[in-house]
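Let me begin by presenting the structure, written as structure tokens, before commenting on it.
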Amino acid sequence: MKKREPVSTIMTKNVHSVQLDDSLLDVRNLIQNHGIRHVPVMQGKKLVGIVSKTDLNRLTFSSLFAGQEEADEAVFDMLTISQVMSHKPRVVSTAISIREVAEILAQEEFHSLPVVEENDESKLAGIVTTTDVIKYMLEQY
């Protein structure tokens, strides 16, 4: 196992993101259409938050009661991304090791971490998830 392999080797580089003034319906559609679970929120080119599939599921009724899709749409129309997202998410640099990322994910109980450029913390370079780390560990065996 490579001990200092950088997270940039396993992160998703082509990240699907939304702008702060987009709608929650945009986030939901992005999650559904691309099979992703975490969406970085940008204000221009600056990372300002992250929204997860779990955040959206907490707002919905359709997973609990059949035929409640219209209620979900109404809830999404009433709220903004800013009201639902995690503000100022924990980020890691492209140079951090996979091991360090695994430690952060385990200790702080995150499921994803936005990855920023080593010399510019305002520039989103990718995203790394627990699934990425697990797949990497499995490849080592």
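The values are calculated or read from the model by the stated rules, or taken from the named source; none is laboratory data. Just so it is clear, the model here is predicted, and its values are computed rather than measured. Side chains are part of the model used for accessible areas, which takes the heavy atoms of the whole protein and leaves out ligands, DNA and RNA. Shrake-Rupley method; radii C 1.70, N 1.55, O 1.52, S 1.80 Å.
Compute the acute angle (0 to 90°) between the alpha-carbon long axis of helix 98-108 and the principal axis of greatest extent of the alpha-carbon atoms of the chain; round to the nearest 10°. Compared with the principal axis, the helix lies near 50 degrees. In this view, the solvent-accessible surface of THR12, computed with a 1.4 Å probe and all protein chains in place, comes to about 60 Å². At full extension, GLN140 and SER122 could sit 3.2 nm farther apart than now, given 0.36 nm per residue minus the alpha carbon distance.
If you take the Cα Rg of the range 1-46 and divide it by 2.2 N^0.38 Å, with N the number of residues, what do you get? Mind dumping the intermediate values first?
Working: Rg = 13.9 Å, N = 46, 2.2 N^0.38 = 9.4 Å.
Expressed relative to 2.2 N^0.38 Å, the Cα Rg reads 1.47.
Could you look at the chain and say what percent of its accessible area is carbon and sulfur, using a 1.4 Å probe and all protein chains?
On the way: 4250 of 8690 Å².
With neighbouring chains kept in place, the figure for the chain is 49 percent.
Using bins of 5 Å that start at zero, the share of Cα-Cα pairs per bin across the chain amounts to 2, 10, 19, 21, 18, 13, 9, 5, 3, 1, 0, in whole %. Quick one: helix 69-78 against the long Cα principal axis of the chain, what's the angle to the nearest 10°, folded into 0 to 90? Result, in degrees: 80. The angle separating the long axis of helix 130-139 from the principal Cα axis of greatest extent in the chain is about 40 degrees. Averaged over its residues, the chain has an accessible area of 62 Å² per residue, based on protein heavy atoms and a 1.4 Å probe.
What percent does the relative contact order of the chain come to when contacts are Cα pairs within less than 8 Å and at least six residues apart? Kindly include the intermediate steps, with their values, before the conclusion.
Values: 218 pairs, mean separation 41.3, N = 141.
In percent, rounded to a whole number, it is 29.
The Cα-based radius of gyration and maximum Cα-Cα distance (Dmax) for the range 81-141 are 12.4, 42 Å.
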